[in-house]
1. In sequence order, what are the phi-derived ³J(HN,Hα) couplings for segment 120-133 according to the Karplus relation 6.51 cos²θ - 1.76 cosθ + 1.60 with θ = phi - 60°, rounded to whole Hz, with x for glycine and proline?
2. Which FRET efficiency value, to the nearest 0.05, do you get for LEU107 and TRP132 by plugging their Cβ-Cβ distance into 1/(1 + (r/R0)^6) with R0 = 30 Å?
3. Can you tally the net charge around THR113? Count Lys and Arg as +1, Asp and Glu as -1, for every other residue whose Cβ sits under 13 Å from the Cβ of THR113.
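Just so it is clear, none of the values below were taken in a lab; they were calculated from the coordinates. What you see is a predicted model, and the numbers here were worked out from it, not measured in a lab. In this analysis, Cβ positions are derived from the backbone assuming ideal geometry, glycine residues included, and neighbour counts consider all displayed protein chains.
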Amino acid sequence: MARSHSVIPLEAPNVEAAVGAMREHGMRVSTARRLMLEALYATEEPMTAEQVAEGLRDAPRSDLASVYRNLERLEEIGLVRHVHLGHGPGLYVRAGQAPREYLVCDLCGRVATVEPHELDEVRAVIARSLGWAARFTHFPISGLCPECRAKDPLSTVERSAK
């Protein structure tokens, strides 16, 4: 089972700050690593390693294993974090951006990004009932999105509550 990393995220609001953080941690700033950072900073959405690799076309030849190794190294120093949203591959996001939590539809695969405060009531119920301090930044809450739920008004959620 994958574990979420407990590395403190580095505040790096742009690529140049991220490059500086890499240097401070003794990392060489290769063309491939810089292009990886540029790909991650170009979007707020989680990306697969394959999507990150697509941004490396102008870099010296780099295989997917190298992309994974570089993403892992960037995660170790706190610039990147990975999340698991459903049954697909792990996804990568910049670690210094505002925390986000995720909802994933079991039927259509739609991913909704939510602000952590939007799930505070859910966390409170879990804490009160089970004693756990829950977070949904690494693994999402899965269920049915509004559109899929409308197609199946007696979803498994409603059936299990009866």
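1. 4, 5, 5, 4, 5, 5, 5, 5, 5, 7, 10, x, 8, 9
2. The pair LEU107/TRP132 has a calculated efficiency of 0.65.
3. Computed value for this residue: -3.
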